[in-house]
1. For segment 13-42, which positions are part of a helix (DSSP H, G or I), of a type in the set (A, V, I, L, M, F, W, C) and surrounded by 13 or more Cβ atoms within 10 Å (Cβ to Cβ)?
2. Under 8 Å between Cβ atoms, which residue pairs at least 6 apart in sequence (or on different chains) link something in segment 1-30 that is without any contact (Cβ under 8 Å) to a residue 12 or more places away in the chain with a partner that is among the acidic types (Asp, Glu)?
3. Looking at (1) touching a strand residue (DSSP E or B) at 6+ places or on another chain (Cβ under 6 Å); (2) at pLDDT below 95; (3) of a type in the set (Gly, Ala, Ser), find the lone condition where Ala26 falls short.
4. Run down Lys61, Lys10, Lys51 and say which single residue is outside any loop (DSSP other than H, G, I, E, B) and either in contact with a helix residue (DSSP H, G or I) (Cβ under 6 Å, 6 or more places away or on another chain) or loosely packed, with under 10 Cβ neighbours inside 10 Å (or both).
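The values are calculated or read from the model by the stated rules, or taken from the named source; none is laboratory data. Keep in mind that what you see is a predicted model, and the values were worked out from it rather than measured. Every residue, glycine among them, receives a Cβ derived from its backbone with ideal geometry; neighbour counts consider all protein chains shown.
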Amino acid sequence: MQSMSARDAKNAFGRLIDMARAEPVAIEKYGRSVVVVLAVEEFERLTAKAKKQLASAASDKRAGQDD
């Protein structure tokens, strides 16, 4: 994962977008990562995966209650 300072992200927003389309970018303030910018396709992939995991866990829990 690449990183850039908040100041650089503000001053070069177009570059940040280009970088985030290729891989997530950590934005740092005072040398500490505070947020991550990622492409919408990656966000959708991650949220779909999380929803599947939640649905699977709920299904497993319901199946366990039938015992």
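1. Within segment 13-42, Leu16, Ile17, Met19, Ala20 qualify.
2. none
3. So Ala26 meets the others, but not (2).
4. One residue alone meets the criteria, Lys61.
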